[in-house]
Amino acid sequence: MRYVKIKGDKIYEFLERLKNYGKLYAPVKISEKFYDRKEIDDVGEIAFDYQRTIMPAKKYFIPPCEEMFEIDMEENEYREKLEEVEPFVIFGMHACEIVALRILDGVYLNEYPDIYYERRRKAGIIIGLSCLPDEYCFCNLRRTDFVDIGFDLFLHELPDGYLARVGSPKGHKIVDENPDIFEEVRQEDIDAFRAFEEKRQEMFKFKGNFDNIRYILELTMQDKLWDEESEKCLGCGNCTMTCPTCRCYDVQDIPEIGGKKGKRIRFWDSCQFRSHGLVAGGHNFRETKRDRFLNRYICKNSYFYPLGTSYCVGCGNCTYFCPANIDFQENLMKIRGREVIHE
Amino acid sequence: MRMKIGIHGLTSCYGCQLKMACIEEILEVAKNFEIVYWNMASSKGEIEKVDIAFVEGSVVTERDEEELKLIRENADALVAVGSCAIHGGVQGMIFGEDYEEIFREVYGDSLIDYEAKIGEPLRKYVEVDYCLPGCPPEEHEILYYLATFGIGSYPEEKDYPVCAECRRQGYPCILIEKGMPCLGPVTVAGCNAKCPGFNVACIGCRGPVPHGTAWFDSLARTFKEKGMSKEYIKRRMEIFGKQYEKLDEMIEKVFENED
């Protein structure tokens, strides 16, 4: 792998240059506590120390709501709504989010690729950014805390700048075309990178891994923990909407008055909603709130074989954004037989 | 042949009808549907056979009840429009209280020429085929319902809460962040989380999520953990949710070991 360094005082110039490669999106503070990614005009607004965004990066590839095509009955025509996607750059993606995107790739880009997703994915440049975990993070247990593929550049924080790993031809291009921004990595940078990684590992709340969790989960589906926790659940869907790998959508046809024209839209759906499990004939695969609650645990912990990981990347969003304070990580720890002590 | 529709108002603020009258595509609607009855728009028209009757308001008088039954007999499909028609509305808030006493307090000895009752949703009196929620409903939903009926289909009713739309809009969650008494988690979606988007806690005006999936108990617990009193929680949830099945029981359960 190719490694280069960006000196601290050049980072804003680097961000300016990124605009040459497409529309720049980066995390900014949107309220007292929350961050989200927005299109960046002034690079000084970018939040480098953000922990998580309320909308996961999936929003750039599967928009919360999109029109797929329109139908014209008079002309007997059907028109795709997706034009060519202009290149864009997502800055500041954490390791877990990059793995999450690769999971979405596995779902959307199989032998029947989703063209809407595919076009956007090809147009997107991914710039990763290192992070330090808070109490909600458990990417270490999911083995997604360090990412080795799926980005164009990945920036690791140094005391006086960033060590950048180059992960793709597009990444090489950015480095090659901006020689004044980048410099050689020195021994002290390597030492600092090592120290950062050490410190980071020490900071995770729990050590070890969650490799066996899906089996334990399957064996404990009758546990009363699930009665108690699902009882607390609001069924609001915040957990799935803020999850970087939740990818369920619903499709709806909207006719115009007169029925001559219409459009098909799709939008983020959630397994926490009643209609998600409803099929023709009125049968519902997940009739109770408990069924729906547990479904997310089963889905997130099942095995995504192309990457050898679970569908959960341990970002902690579902816990952080749960209005009912239901702790996903702790619940998994509990069924594993660990006592969770609150300070 | 154009589909025949009737638009009716029982006891309510007539806001739903006003909303229907103000939709941008009203001329398209008039062109594509034969509006045989709409008291708000024209004093002409009798209640007669229609394909679809849209009814706003709740049943508060005997006259409402009679009118509703006549509308039902004459309509192939009946759509309850708005929170009054679907849930009893704000006037349904006194459900379960001593009606005689409230009536005396409001009207005193005045002579009222009709028999009044507690505001109740249409489904207590007649069969309701579809619900078009809102207070008032959103323009895009009114159009969607009309357009689907117009092509011989029917609308897909939302069965999920405002939170879903709030997250899709990318708004910060004011319930988590500011501890505001937001009823988004129990209120049916469709408004695109307008109020939370302006930092105003959802008051539940669109009514509870249907099919028994409005978890007032879980939300009362969440509110309680944020320090809100039982009385406050109850009053807030009752504004539009008073007649939701087991609302009282759900709130009581959360506070049962404290009284």
For the protein assembly as shown, alpha-carbon Rg over 2.2 N^0.38 Å: 1.10
Overall Cα dimensions of chain A, principal axis frame, Å, largest first: 66, 63, 40
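Count the net charge of all other residues whose Cβ sits under 15 Å from the Cβ of B:Lys19, scoring Lys and Arg as +1 and Asp and Glu as -1. Walk me through the intermediate numbers first.
On the way: positive: B:Lys194, B:Arg206; negative: B:Glu24, B:Glu25, B:Glu56, B:Glu138, B:Glu139, B:Glu141.
It works out to a net charge of -4.
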Picking from A:Tyr215, A:Phe69, B:Pro208, whose Cα lies most toward the positive end of the charge dipole for the protein assembly as shown (charges on Cβ: Lys, Arg +1; Asp, Glu -1)? A:Tyr215
Among B:Gly57, B:Ile5, A:Ala280, which residue has its Cα positioned farthest towards the positive end of the charge dipole of the protein assembly as shown, with +1 placed on the Cβ of Lys and Arg, -1 on the Cβ of Asp and Glu, and the dipole taken about the Cα centre? A:Ala280
Counted neighbours (other Cβ, 10 Å), sorted fewest up, put B:Trp215, A:Trp226 in the order A:Trp226, B:Trp215
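For peptide B:145-152, how many partner chain Cβ atoms fall within 10 Å of a residue's Cβ, on average? Walk me through the numbers on the way to the answer.
On the way: counts 0, 3, 8, 5, 1, 5, 9, 1.
Neighbouring Cβ atoms belonging to other protein chains average 4 per residue here.
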Relative counts (whole %) of C-alpha pair distances in the stretch B:1-158, using bins that are 10 Å wide: 11, 41, 33, 12, 4, 0
Can you give me the relative contact order of chain A as a percent, contacts being Cα pairs under 8 Å and 6 or more apart? 21
So which residue, out of B:Pro155, B:Pro136, B:Pro208, gets the largest mean-square fluctuation from a GNM of chain B using Cα contacts under 10 Å as springs? B:Pro155
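Starting with the fewest neighbours, write out A:Ser310, A:Ser168, B:Ser43 ranked by other beta-carbon atoms found within 10 Å of each beta-carbon. Walk me through the numbers before you get to the answer.
Working: A:Ser310 23, A:Ser168 15, B:Ser43 7.
Placing the least packed residue first, the sequence is B:Ser43, A:Ser168, A:Ser310.
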Could you size up the charge dipole of the stretch A:167-248 around its Cα centre, putting +1 on the beta carbon of Lys and Arg and -1 on that of Asp and Glu, and report it in debye to the nearest 20? 320
Compute log10 of I(q)/I(0) for the stretch A:94-168 with the Debye formula, placing one identical point scatterer on every Cα and leaving out solvent, at q = 0.14, 0.16, 0.21 Å⁻¹, to two decimals. -0.52, -0.66, -0.98
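Could you tell me the relative contact order of the stretch B:162-255? Use alpha-carbon pairs under 8 Å, at least six residues apart, and round to a whole percent.
Relative contact order here is 26 percent.
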Take every residue in peptide B:170-180, count the Cβ atoms of other chains within 10 Å of its Cβ, and give the average of those counts. 6
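Based on DSSP H runs of at least 4 residues, each adding -39500 (n - 2.57), what is the mean residue ellipticity at 222 nm of the protein assembly as shown after dividing by all its residues, to the nearest 500 deg cm²/dmol? Before the final figure, lay out each step's value.
Values: 24 runs with 208 residues, N = 602.
Value at 222 nm, helices only: -9500 deg cm²/dmol.
Taking R0 as 41 Å, what's the FRET efficiency between B:Glu101 and B:Lys194 from their Cβ-Cβ distance, rounded to 0.05? Mind dumping the intermediate values first?
Values: r = 37 Å, r/R0 = 0.90.
The computed FRET efficiency comes out at 0.65.
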When chain B is treated as a GNM, springs tying every alpha-carbon pair under 10 Å, which of B:Gly89, B:Gly227, B:Gly15 comes out with the largest mean-square fluctuation? B:Gly227
Run the dipole for chain A about the Cα centre, Lys and Arg Cβ at +1, Asp and Glu Cβ at -1, nothing else charged, and hand back the magnitude in debye, nearest 20. 840
Of A:Val4, A:Ala195, A:Val28, which is farthest on the positive side of the dipole of chain A, counting Cα position, with +1 on Lys and Arg Cβ, -1 on Asp and Glu Cβ, and the Cα centre as origin? A:Ala195
Report the residue, chosen from B:Ile112, B:Ile142, B:Ile94, that carries the largest GNM mean-square fluctuation when chain B is represented by alpha-carbon nodes joined by springs under 10 Å. B:Ile112
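I'd like the projected area of the stretch B:162-255, averaged over all directions, using the convex hull of its alpha carbons. Report it in nm² with one decimal.
Values: hull surface 21.3 nm².
Dividing the Cα hull surface by four gives the mean projection, 5.3 nm².
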Only four residue types carry charge here, +1 at the Cβ of Lys and Arg and -1 at the Cβ of Asp and Glu. Report the dipole size of chain B about the Cα centre in Debye, rounded to the nearest 20. 1020
Using Cα centres only, tell me the gap between the stretch A:289-343 and the stretch A:178-241 in whole Å. 11
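Could you list A:Glu157, A:Glu74 in order of exposure, starting from the residue whose Cβ has the fewest other Cβ atoms within 10 Å?
Numbers: A:Glu157 18, A:Glu74 8.
With the fewest neighbours first, A:Glu157, A:Glu74 line up as A:Glu74, A:Glu157.
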Angle in degrees between helix B:62-74 and the longest Cα principal axis of chain B, rounded to the nearest 10: 60
Neighbour count of at most 16 Cβ within 10 Å plus DSSP loop: longest trypsin sites (Lys or Arg not before Pro)-free window in chain A: A:82-185
Could you work out the relative contact order of the stretch A:86-230, using alpha carbon pairs under 8 angstrom and six or more residues apart, expressed as a whole percent? 25
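What is the average number of partner chain Cβ atoms found within 10 Å of a Cβ in A:231-244? Display every interim value, and only then the final one.
Working: counts 5, 5, 3, 15, 11, 16, 10, 10, 1, 2, 7, 2, 0, 0.
So the per-residue partner count for this stretch is 6.
Under a Cβ-Cβ cut-off of 14 Å, what is the net charge of the residues other than A:Arg119 that fall near it, where Lys and Arg count +1 and Asp and Glu count -1?
Values: positive: A:Lys81, A:Arg120, A:Arg121, A:Lys122; negative: A:Glu66, A:Glu80, A:Glu83, A:Glu84, A:Glu86, A:Asp105, A:Asp114, A:Glu118.
Here the charged neighbours net out to -4.
Laboratory data are not the source of any read-out in this text; all were calculated from the coordinates shown. Predicted model, so just to flag it, every value in this text is computed and none were measured. Neighbour counts run over all protein chains shown; Cβ positions are idealised from the backbone, glycine included.
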